[in-house]
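Here's the structure we're looking at; comments come further down.
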Amino acid sequence: MPKILLINIKKLYQVRDSQIHFVKGIEMKTLPFITNAFLIIKNNLIIDFGEMNTCPSSDENFKIIDCSNRMVLPSWCDSHSHIVFSGNRSTEYMDRIKGLSYEQIAENGGGILNSAKLLQNTSEINLLKQSQNRVEEIIASGTGAIEIKTGYGLNYESERKMLNVIKRLKNKKSISIKSTFLGAHAFPKEYKNNKNGYLDLIINEMIPDFHSLGLIDFIDVFCEKGYFNLKQTKKILSFANKLGIESKIHVNQFNSFGGIKLAVEHKSRTVDHLEVLTENDIKYLKNSSTMAVLLPTCSFFLGINYANSRKLITNNIPIAIASDYNPGSSPSGNMNFVISTACTKMKLTTEEAINAATINGAYSMGLSDKLGSITKNKIANLIITKEIESINEIPYNFGISKIDKVILNGKIIN
Ligand code: NIG
Ligand code: FE
């Protein structure tokens, strides 16, 4: 494999020391850069970078890319997605436009249960094909790492099918993937009057089996009214702790009732959503090791509150932003739009949004030793922009791609 040399980079962004795994508070305002830079890739790694006047002389072993007037930055790290799903819910979308709420649609048998029915009736190979198409779509929009959740299987066989598909996507090695078991996404219809029965199935069968097969990187629970209550969430988080599996939870999307405290007590890596946030929630997150993962395009699509990102930043709580790509509340995995929405609606600066979508996204997936910044020996997952004047054009020109090329694992993808 030839070495790749990027030259004349207008600005090389997110240059970090290998010791930095995430940023928080006031540090989020800074996106360190080198003006007029070079960068060298060997095999799949970033091996060197610096100012152009220190660029080593190249030979025929180098493939040279001239990045004049272009910026280079690490690929997006999307730490919350549900991209393994079948079909779509565009009919429910129109029902919402006509006035039904997300909760009402779910109560009428739509929502997550609707996607579960579809997925249960989809073959593994068909599900893989649909999911692979989505992976290709997000690669083109600059994503280089993604976390993918189960939770549309809702029975042993179909949750396993989802995990198999995630494993097969991982094996393609195009993009870095982490798999999260979200069997506790909703109670299946058959267990409507036997919720403990479904919890037992999760705890006694699904988690132990899937864990022993090496299919689970994280465990997640949808802790929300009408879904999993505190007691049920606690049972799953404690079990995850017992097995040494890290957790993340969906929490405070519509209601705040103690889920954040519970997650912090169980040392969850992340708490995700947080559209509703109380002073008490802030108190528990402060000084914890838990990162807040905010999902601005979910708020955009459902027309609900945006998480109070400014309050989290002022309180020194690290935040990541992610797409939540799923058929019900965010049917898009375009991280450029996530960044744009985070700036416009959550009032993040470009630098804060890019920190949240790169180094902090990588941390949210436990990948910040390998990804999320321009650091020697990290994986060469990079975005080369079109000719732009300022990095602000990425969120400013919402819906318009400012990406010219992406490099994944040291390979140029067109
Ligand atoms: O993160 N909130 C729960 N889960 C997903 C939505 C799932 C769906 O509607 O299919 C979310 O928004
Ligand atoms: Fe989600």
Output yes when any residue across the range 254-269 is farther than 28 Å from LEU73 by Cβ, among the aromatic types (Phe, Trp, Tyr), assigned to a loop (DSSP other than H, G, I, E, B) and within 15 Å of ligand 2 (Cβ to nearest atom), and no when none is. yes
Does ASN204 satisfy the criteria of being within 16 Å of ligand 2 (Cβ to nearest atom) and out of contact with any Phe, Trp or Tyr (no Cβ under 9 Å at 6 or more places or on another chain)? no
Taking the criterion of being at pLDDT 95 or above and surrounded by fewer than 20 Cβ atoms within 10 Å (Cβ to Cβ), would at least one residue in the range 173-184 satisfy it? no
Condition first: more than 15 Å from ligand 2 (Cβ to nearest atom) and either in a loop (DSSP other than H, G, I, E, B) or more than 21 Å from ASN360 (Cα to Cα) (or both). Now tell me which residues in the range 277-304 satisfy that. LEU277, THR278, GLU279, ASN280, LYS286, ASN287, SER288, SER289, THR290, GLY303
Within the range 403-412, identify whether any single residue is in contact with a Lys or Arg (Cβ under 6 Å, 6 or more places away or on another chain) and crowded, with 20+ Cβ neighbours inside 10 Å, and answer yes or no. no
Checking GLN130 against (1) in contact (Cβ under 8 Å) with a residue 40 or more places away in the chain; (2) in contact with a strand residue (DSSP E or B) (Cβ under 9 Å, 6 or more places away or on another chain), which single condition isn't satisfied? (2)
Please verify whether the range 75-87 includes one or more residues that are crowded, with 16+ Cβ neighbours inside 10 Å, within 29 Å of GLU224 (Cβ to Cβ), touching a strand residue (DSSP E or B) at 6+ places or on another chain (Cβ under 7 Å) and acidic (Asp, Glu). yes
In the range 171-211, residues that are part of a loop (DSSP other than H, G, I, E, B), small (Gly, Ala, Ser) and more than 25 Å from LYS225 (Cα to Cα) total 1
Taking the condition touching a residue at least 12 places away in the same chain (Cβ under 8 Å) and surrounded by fewer than 20 Cβ atoms within 10 Å (Cβ to Cβ), does LYS11 pass? no
Of all residues in the range 204-249 being β-branched (Val, Ile, Thr) and crowded, with 20+ Cβ neighbours inside 10 Å, the one that is farthest from HIS273 (Cα to Cα): ILE207
In the range 306-333, the residues that are in a loop (DSSP other than H, G, I, E, B) and more than 16 Å from ligand 2 (Cβ to nearest atom): ASN308, ASN315, ASN316, ILE317, PRO318
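The values are calculated or read from the model by the stated rules, or taken from the named source; none is laboratory data. Not measured: the values here are computed from a predicted model. Here Cβ is always computed from backbone atoms with ideal geometry, including for glycine, and neighbour counts include all displayed protein chains.
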